[in-house]
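Q: Sharing a structure, written as structure tokens. Questions coming.
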Amino acid sequence: MSTIKVDTYLTRGGASEIAIDKLKGASSAGSMTVVGEGGTTTTNLQQGLGKAWCNLNGGSSFALRDSFNLTSATDNGTGDYTLTIANDMGNTNYATPMSGGNTSGASRYGAMSDSDGKATGTAGFFGFQTSSGGALDQEEVSVVFLGDLA
């Protein structure tokens, strides 16, 4: 293997951007480290990326509006959804921040993942409630999956 060492890379047109299809770290895991904003700390690039996400209509017109690395969304009932991941997560310890909203003005509370329904290939979500504790559909539900891919 050859090594190229340069101080600055510029394209023939003078731009400092590089067009490339795939980057892989030199470590055995292929991981890459990125220097943080302050220049004194680093972070692992793969660890910091969202591995899957979606924006779905959880109301009466239930549908995935847009998504990445998901194959489907299922409406299990009022305020209860299951998302199926295309490329599985490495374990069930991934994080799934979620938000929801609607235009009806109904009082609502935050969502939570269904830890009993969490697997490496699917995740269940529920917990949107009215102020009286009843389940509530949301017109917009956004979820991101953070963690390791299998």
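Values quoted throughout were computed directly from the atomic coordinates according to the rules given, and no laboratory measurement underlies them. On a predicted model such as this, the values are computed, not experimentally measured, just so you know. Please note: Cβ atoms are built from the backbone with ideal geometry, for glycine as well, and neighbour counts cover all protein chains shown.
Q: Can you give the Rg to Rh ratio for the stretch 50-146, taking only C-alpha atoms and Rh from Kirkwood?
A: In the stretch 50-146, Rg relative to Rh is 0.95.
Q: Using a 7 Å offset from the Cα along the Cα-to-Cβ direction at both E17 and A119, what is the distance between the two label points in nm, to one decimal?
A: Between E17 and A119, the simple spin-label model gives 4.2 nm.
Q: I want to verify a result. In a Gaussian network model of the chain, Cα cutoff 10 Å, which of these has the top mean-square fluctuation: L23, L45, L136?
A: Result for the chain, Cα springs under 10 Å: L23 fluctuates most.
Q: Hey, another quick one. Give me, ordered by chain and number, the residues 5 or more places off N76 or on other chains with an amide H under 5 Å from its own placed amide H.
A: Y81, T82
Q: Treat the count of other C-beta atoms within 10 Å as a stand-in for reagent exposure and order V144, V35 from fewest to most.
A: Fewest-to-most Cβ neighbours within 10 Å comes out as V35, V144.
Q: Another question, if that's okay. So how do F62, F125, F145 line up by other beta-carbon neighbours within 10 Å, fewest first?
A: Listed from fewest to most nearby Cβ atoms, that is F62, F145, F125.
Q: Among A52, A15, A86, which one moves the most in a GNM of the chain with springs linking Cα atoms closer than 10 Å?
A: A15
Q: With point charges of +1 on the Cβ of Lys and Arg and -1 on the Cβ of Asp and Glu, referenced to the Cα centre of the chain, which listed residue (L10, S67, A52) lies farthest in the positive direction of the dipole?
A: About the Cα centre, the residue reaching furthest to the positive side is L10.
Q: Same structure again: Can you sort K5, K24, K51 by how many other beta carbons sit within 10 Å, fewest first?
A: With the fewest neighbours first, K5, K24, K51 line up as K5, K24, K51.
Q: Starting from the 7 Å offset along Cα-to-Cβ, what nm value, one decimal, do you get for the label separation of A63 and S131?
A: 3.3
Q: Read phi for every residue in the stretch 132-142 and hand back ³J(HN,Hα) as whole Hz from Karplus 6.51 cos²θ - 1.76 cosθ + 1.60, θ = phi - 60°, with x for Gly and Pro.
A: With coefficients 6.51, -1.76 and 1.60, one gets 8, x, x, 5, 9, 6, 10, 6, 9, 10, 10 Hz.
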